[in-house]
Amino acid sequence: MESMTPLKRKQWDRALTFALFTLPALAAILISVEIPFLMSVFSSFTKWNGLDRAQTFIGLENYKELFLDDLDMWKAFGFTLRLTLGSVLVVNLCALLLAVLLDSDIRGKNALRAAFYVPNIVSLIIIGYIWRFIFSAGFESFFQTTGMDFFMFSWLGDVNLVYFSVLMVSVWHSLGFYLVIYIAGLQTVPRDLIEASMIDGAGRVVRFFRITLPLIMSAITVSVFHSLSNGLKAFDVIFSLTNGGPGNSTTTIALDIYRTAFVINRFGYGTAKSVVLFLMILILSIFQVRLFKSREVEV
Amino acid sequence: MKKMLFVVMAVLLAFSPLFAAGQQEQAAGPVTLNVLFYSPELAEQYNDMVAAYKAETGVTLDITVLQTDYRSVLTSRLNSGDVPDIFMSSAYADNSTYKDYVYDLTNEDFIKKIEPSALQGVTVDGKVLGYPFLVQSHSFIYNKKVFADNGITTLPKTLADFEAVSKKLQANGVQPFATGFKEFWVLPQTAWQAIANVPAENYGGYENFVAKLNAGELKFKDIPQMSQVFDLLDLIKKYGGPKPNESDFNDQTSSLATGKVAMIHQGNWAEDSIRKTNPEVEIGFLVGPTGNNAATAGIMFDSNQTIRIAKDGKNLDAALDWLRWLTTSEYGRNWIPGKVKQLSPIIGAAAPDSQIAKETSALLASGTPGYPWFYQMFPTGTEQQLGAILQGYCAGITNRAQTLDALDSAYAKIAKAAQ
Amino acid sequence: MKKYTPASTFTTLILSVVALFYLYPLFLVVINSFKTFSEITSNVLALPKSLVFENFSNAFRIMNYPQYFLNTLLATAVGVSGVVLVSSMAGYKLSRTKTRYSFVMFMVLIAPMMIPFHSFMISLVKVAKELHLIGSPLGLGVLYWGLGASLALFMYHGAVKSVPQELDDCALIDGAGPLRAFFQIIFPLLQPVTVSVIVINTMWMWNDFLLPLLVLSGSKKSLTLQLAAYNFFGLYKVDWNFAMAGVLLTILPAVIFYLSLQRYIIKGMVAGAVKT
């Protein structure tokens, strides 16, 4: 150590500190996610049913089939994109609006925040059952009391309406999650900046768009990124609410992958699909993160 | 620097109990069998049986019961080497799915005590690869009181009969069917029953039929009787209330039990839920129409739920002992008829206290055809895929020609991948 | 003294009405947990004829609640503390280091958020088995570190930007090592984010189902509450009365936890710390 120049010593120290801070996270993530995923990627080049002791190497056959001969998968992908677009927009706008309201000086803030958060911690099986019942039996009795035609439509059985039902349940379930992130973001905005602007005579709206919004950009980036990749991975809501039906009209790509791997027992093919899904999410996310991060402001 | 070392050591220390924790599971002592089953509706009955077995032999059965995630958990456990001693699966196509993991039961003494007809589904090339757990039947279940109240005295057998009965019920303000179309598995079991006689009559038997489909020589669109399937689905949908595509298993059983609907397509496993909802209900079994030929209309009767012994399980002998006990002991022989209340595959077993089981036996005794669940011979995965396509037909997404094409292409893909 | 304006009272009122509608489905879970099985299947929407408290005591007993509560608590506590620890450190360092390597590592560390769990869960079980992390809540908690770190890291990475860089140098000048500087000075300023990370991770770990199912199902004494509650749900038949009660018993601790942390978020506002 003594033979290093002061500059080299400083660089070495810096590198060591960097390693110290980042290696634990790296180790954990490698072990729990990335190494298992790479093992699965290897399977994507094989013909394997997930059970046989032997895996047959078939090179890019799975990928060829995926791109050229699997209309169902691309239909599922199309539906997934539509659903994601809808949910990202709706959930982020609603969560942000609610966060602003629930961060301001109003009575009963705590109770209201808890109220909107609770659906997020209930198991999706229950959610699926309850909402299924509301859509069918519940709506029937609402119809009897109110006579509104709205309640007689088949919200889960009609191909044209089921998109909205799924979107609604999905937003209902996840709103609370993004509410937490946005509230935390709003609270990192230094109060003295707000006060200063109030003294300067800035109105509510101006204050929000000029000061608050840029400073909570990091929370927005996180939320949009998370809701984007969650939307593209959507599985639980669909599984419990419609099971991809009617027919395959609400089958998302994650459900398609699950079925390919575990129901049809085409494990190799299924992992190939999940690799492609991952790459698509990766590309979209890099684009989105770069775009949003450039707007983040440091104090 | 010193601080860093301290932190690292602290972390390592924190990790050490981890390695100890994993090791402790190897303790010696009385044998515990690790079991993975589905059918959580039988949880109480499983517990009862476990207690009885422990009392008699001291061996503990540690049963984990799952349902929708069953397959993925089983696959993952078999894969990682964490093999359960005993597990469950379907018969027929699943014989090849799990071929690397199952123990060959052919030469076990207790297999001779099982009805040969029940062994058909688990025998491949003369080898018995599984133990038939239950014998089940499915067809149309009807509420006797609703039929009586609406003056229906002759039970329907053909499509025309069913249409007439439905018209009558509808005219009296009763919804004839709860479709169950939301469950993908209800569709195949309803649909394939409508052509249950066809493979034997026209294609040289079920095995030949499936072999031809697998080889691509035969396609669904070439089978003229598929129109019977569509006719039946159309009928059920027409008389299935305002939201036919939203009806699930719960809707079926509760609507039938309360008398809200008259008929559902289900199996004897539904009886428990139906009677729990309304203990006074009286239900009966109708045959499933095969077009307009009353003579070929029958019920679907087979043993599909199968128990399998893992050949690499740590407690192979103990597992076999348990199966022997299930087949030959006093408690074991009476467990399925008495506690599970379904039909047992054991020769000479008692009849269960189940309305549907009684009707099943009566129908079979009177000469009604009892068809095997031949659709379980289709490659694994077809049930869900073909079910979803049929569901799409019912939802109006595809017409008959498109549905047949979709069925063919989905089947061809799965068959090719299974080779 | 806080003065609530009429406008704010009005807002509270509107939001309360919205919240009531929002919670209606959960209201259904609650009322159904007090009904008998046949009451539930004949009409989900009706109020219970009489309160069947036995559903809860039965569910409590069948679910082996005390043991499984502790298991779930252990897995969650180990998981959450690990996530907070590793993610705050890494998120901070990566945010302050503006080199290309830093960005690449950042992408590598948040990439898992985009990978669907089903695509690697089988391999994960294999890896977990090799590392002896199977069959115990402690092992499960360790596995959670890698699964929760990505989002937490992402959040810390962004939140660090609102802490002035001058503070980093200040702390170091005082002679403290980098770790101590971070945890004593910077970390407390990130409290709202830490609380959010704790809340988010506690919730999903507490309610997680699939991974515990895969790694704990071989060992009956190690199960979590969700696994126990799930046993009431069959493909065909569901013990709805126990299932509803079981679900409430499972989410109650999580709700209480969240409510108690809420107040903590208010107390720990950043306000004063930034004034230098």
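Could we say that residue B:414 is in contact (Cβ under 8 Å) with a residue 24 or more places away in the chain and either farther than 30 Å from residue B:61 by Cβ or not assigned by TED's automatic domain parsing to the domain that holds residue B:204 (or both) here? Reasoning before the result, please.
On the way: in contact (Cβ under 8 Å) with a residue 24 or more places away in the chain: yes; either farther than 30 Å from residue B:61 by Cβ or not assigned by TED's automatic domain parsing to the domain that holds residue B:204 (or both): yes.
Yes: the conditions hold for residue B:414.
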Counted residues in region C:96-138 being crowded, with 24+ Cβ neighbours inside 10 Å, more than 7 Å from chain A (Cβ to nearest Cβ) and of a type outside the set (A, V, I, L, M) come to 2
Scanning region B:66-98 for residues that are β-branched (Val, Ile, Thr), within 14 Å of chain C (Cβ to nearest Cβ) and in contact with a Leu (Cβ under 8 Å, 6 or more places away or on another chain) gives B:68, B:73, B:75, B:86
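Keeping to region A:141-154, report how many residues are within 8 Å of another protein chain (Cβ to nearest Cβ) and closer than 27 Å to residue C:243 by Cβ. Lay out the reasoning, then the answer.
Step one: list which residues in region A:141-154 are within 8 Å of another protein chain (Cβ to nearest Cβ), which gives A:141, A:152, A:154.
With the extra rule that they be closer than 27 Å to residue C:243 by Cβ, the set shrinks to A:141, A:154.
Residues meeting the conditions: 2.
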Residues of region C:38-58 being modelled with pLDDT under 85 and surrounded by 20 or more Cβ atoms within 10 Å (Cβ to Cβ), in sequence order, are C:39, C:40, C:41, C:44
Residues in region C:94-153 that are farther than 27 Å from residue C:224 by Cβ, part of a helix (DSSP H, G or I) and without any contact (Cβ under 8 Å) to a residue 24 or more places away in the chain total 8
Of B:313, B:291, the only residue that is in the same structural domain as residue B:88 (by TED's automatic domain parsing), in a loop (DSSP other than H, G, I, E, B) and surrounded by 19 or more Cβ atoms within 10 Å (Cβ to Cβ) is B:313
In region A:119-137, anything in contact with a Leu (Cβ under 6 Å, 6 or more places away or on another chain) and surrounded by fewer than 21 Cβ atoms within 10 Å (Cβ to Cβ) is listed as A:128
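Would you mention how many residues in region C:158-172 are buried (at least 23 other Cβ atoms within 10 Å of the Cβ) and farther than 23 Å from residue A:295 by Cα? So that I can check it myself, show each step before the final result.
In the first step, residues of region C:158-172 are kept if they are buried (at least 23 other Cβ atoms within 10 Å of the Cβ); the result is C:158-160, C:162-163.
Narrowing the set further to residues that are farther than 23 Å from residue A:295 by Cα leaves none.
Of the residues in that region, 0 qualify.
Answer with yes or no whether residue B:324 is touching a strand residue (DSSP E or B) at 6+ places or on another chain (Cβ under 8 Å), assigned by TED's automatic domain parsing to the domain that holds residue B:91 and under 26 Å from residue B:85 (Cβ atoms).
On the way: touching a strand residue (DSSP E or B) at 6+ places or on another chain (Cβ under 8 Å): no; assigned by TED's automatic domain parsing to the domain that holds residue B:91: yes; under 26 Å from residue B:85 (Cβ atoms): yes.
Against the criterion (touching a strand residue (DSSP E or B) at 6+ places or on another chain (Cβ under 8 Å), assigned by TED's automatic domain parsing to the domain that holds residue B:91 and under 26 Å from residue B:85 (Cβ atoms)), residue B:324 does not qualify.
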Of the conditions (1) more than 30 Å from residue B:395 (Cβ to Cβ); (2) at pLDDT 85 or above, the single one that residue A:207 does not satisfy is (2)
Here the residues within region B:183-229 that are in contact with a Pro (Cβ under 9 Å, 6 or more places away or on another chain) and small (Gly, Ala, Ser) are B:194, B:196, B:205
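Which members of region B:327-366 meet the condition of being hydrophobic (A, V, I, L, M, F, W, C), free of Cβ contacts under 8 Å to residues at least 60 places away in the same chain and farther than 19 Å from residue B:271 by Cα?
Narrowing region B:327-366 to residues hydrophobic (A, V, I, L, M, F, W, C): B:335-336, B:340, B:343, B:346-347, B:349-351, B:356-357, B:362-365.
Subset that is free of Cβ contacts under 8 Å to residues at least 60 places away in the same chain: B:349-351, B:362, B:365.
Selection gives B:349, B:365.
Restricting the search to region A:124-139, which residues are touching a Phe, Trp or Tyr at 6+ places or on another chain (Cβ under 7 Å) and at the interface with another protein chain (Cβ under 8 Å from one of its Cβ atoms)?
Going through region A:124-139, the residues touching a Phe, Trp or Tyr at 6+ places or on another chain (Cβ under 7 Å) turn out to be A:125, A:135, A:139.
Selection gives A:125, A:135.
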Would you mind stating whether residue B:122 is within 12 Å of another protein chain (Cβ to nearest Cβ) and of a type in the set (Val, Ile, Thr)?
no
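Does region B:44-64 include one or more residues that are facing another protein chain (nearest Cβ under 8 Å) and either modelled with pLDDT of 80 or more or crowded, with 21+ Cβ neighbours inside 10 Å (or both)? Outline the logic, then answer.
So in region B:44-64, the residues facing another protein chain (nearest Cβ under 8 Å) come out as B:62, B:64.
Going one step further and asking which of them are either modelled with pLDDT of 80 or more or crowded, with 21+ Cβ neighbours inside 10 Å (or both), we end up with B:62, B:64.
Among the residues of region B:44-64, at least one is facing another protein chain (nearest Cβ under 8 Å) and either modelled with pLDDT of 80 or more or crowded, with 21+ Cβ neighbours inside 10 Å (or both), which makes the answer yes.
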For region B:166-195 the number of residues that are without any contact (Cβ under 8 Å) to a residue 40 or more places away in the chain and more than 19 Å from residue B:242 (Cβ to Cβ) is 1
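Of A:294, A:223, which residue is surrounded by fewer than 24 Cβ atoms within 10 Å (Cβ to Cβ) and not aliphatic (A, V, I, L, M)? Quick ask: steps written out before the conclusion?
Numbers: A:223 fails: surrounded by fewer than 24 Cβ atoms within 10 Å (Cβ to Cβ).
Checking each option against the conditions leaves just A:294.
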Scanning region A:33-68 for residues that are of a type in the set (A, V, I, L, M) and either out of contact with any strand residue (DSSP E or B) (no Cβ under 9 Å at 6 or more places or on another chain) or in a helix (DSSP H, G or I) (or both) gives A:33, A:35, A:38, A:39, A:41, A:51, A:54, A:60, A:66, A:68
Requiring at least 2 residues that are of a type outside the set (A, V, I, L, M) and at pLDDT below 90, the helices (runs of 4 or more DSSP H) wholly within region B:68-162 are B:70-80, B:94-97, B:116-119
In the set A:30, A:7, A:23, A:16, the lone residue that is assigned to a helix (DSSP H, G or I), more than 8 Å from chain C (Cβ to nearest Cβ) and within 33 Å of the chain's Cα centre (by Cα) is A:23
More than 24 Å from the chain's Cα centre (by Cα) and among the basic types (Lys, Arg), is that true of residue B:219?
yes
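Among the candidates A:31, A:121, single out the residue that is out of contact with any Lys or Arg (no Cβ under 9 Å at 6 or more places or on another chain) and farther than 30 Å from residue C:249 by Cα. Please lay out each step first, then the result.
Working: A:121 fails: farther than 30 Å from residue C:249 by Cα.
Only one candidate passes the filter, namely A:31.
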Discussion item. Among the residues that make up region B:255-262, is at least one of them of a type in the set (Lys, Arg) and assigned to a loop (DSSP other than H, G, I, E, B)?
Written reply: yes
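May I ask you to list the residues in region B:234-252 that are within 17 Å of residue B:396 (Cβ to Cβ) and under 22 Å from the mean Cα position of the chain (by Cα)? Let's see the steps before the verdict.
Within region B:234-252, the first condition is being within 17 Å of residue B:396 (Cβ to Cβ), and the residues that meet it are B:234-247.
Answer for region B:234-252, where residues must be within 17 Å of residue B:396 (Cβ to Cβ) and under 22 Å from the mean Cα position of the chain (by Cα): B:236, B:245, B:246, B:247.
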Q. Do we have any residue at all in region A:260-275 that's part of a loop (DSSP other than H, G, I, E, B), buried (at least 21 other Cβ atoms within 10 Å of the Cβ) and at negative phi?
A. yes
Looking at region B:239-258, is at least one residue touching a strand residue (DSSP E or B) at 6+ places or on another chain (Cβ under 9 Å), at pLDDT 90 or above, buried (at least 19 other Cβ atoms within 10 Å of the Cβ) and closer than 13 Å to residue B:194 by Cα?
no
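With the structure loaded, tell me whether residue A:253 is more than 11 Å from chain B (Cβ to nearest Cβ) and surrounded by 22 or more Cβ atoms within 10 Å (Cβ to Cβ) or whether it fails that test. So that I can check it myself, show each step before the final result.
Values: more than 11 Å from chain B (Cβ to nearest Cβ): yes; surrounded by 22 or more Cβ atoms within 10 Å (Cβ to Cβ): yes.
Yes.
The values are calculated or read from the model by the stated rules, or taken from the named source; none is laboratory data. Just so you know, these numbers come straight off a predicted model, no measurement behind them. Because the Cβ atoms are built from the backbone with ideal geometry, glycine has one as well, and the counts that use them run over all protein chains shown.
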